[in-house]
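Engineer: Dropping the structure in here first, questions after.
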Amino acid sequence: MIPGKFQGEGKMALRPTVLLYNFTDKRRRTKMNTYCAMNGIRVRTVDKEQYGKPVLALADKEADVLFGEEQIFSDDEIRQNGERKLEQSDFSEEMLVMCHVGSKMNGLLDWLRKENVIVPLKAVMTQTNQFWNSLELYSEIKKEHEQMTEKRL
């Protein structure tokens, strides 16, 4: 366990942050950046090499320092026999993770709907998932999304 603010006991307010995964469309990424900047939300684009870091470390610079660099995937870890192990180190869908956004979350979700920025894989960082890496979080969100969309059909 990490002491202090990372267990919800902190003195400092953590900066609202949105983590973006696989937002390759420049127009969509610019829209997200503009909305978030106007509403005091930091945007961080997460690269595949960072998927091994805990979500908390991606969302908070101080936590990133505490966790260190050991959670970054090396080329050796994501390659086997010269080929990339897609099932273990990659996902191509867009994913959005809201961290410390608090009361700004509803505004962000409303704006996404209004602007027709559809991101099926969305999550909020919680005390439970803050120590998961991006691949673990993706796997869980993907399962939940599939279960929810199956029920609608």
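Engineer: Using a basic spin-label model with each label point 7 Å from the Cα along Cα→Cβ, how many nm lie between Leu109 and Glu150?
Structural biologist: Roughly 2.3 nm, to one decimal.
Engineer: Here's something else I'd like to know. Determine the sum of side-chain charges near Val124: Lys and Arg each +1, Asp and Glu each -1, restricted to other residues whose C-beta is under 14 angstrom from that of Val124.
Structural biologist: Here the charged neighbours net out to 0.
Engineer: Could you pull out which residues in the range 98-140 have an amide N less than 17 Å from a spot 7 Å beyond the Cα of Arg28, following the Cα-Cβ vector?
Structural biologist: Under 17 Å, as judged by backbone N against the label point of Arg28, lie 98, 109-123, 138 of the range 98-140.
Each reported figure results from applying straightforward, stated rules to the coordinates on display, with no laboratory input. Predicted, not measured: the structure shown is a model, and the values here were computed from it. Methodologically, a virtual Cβ is constructed for each residue, glycine included, from the backbone with ideal geometry; neighbour enumeration extends over all protein chains shown.
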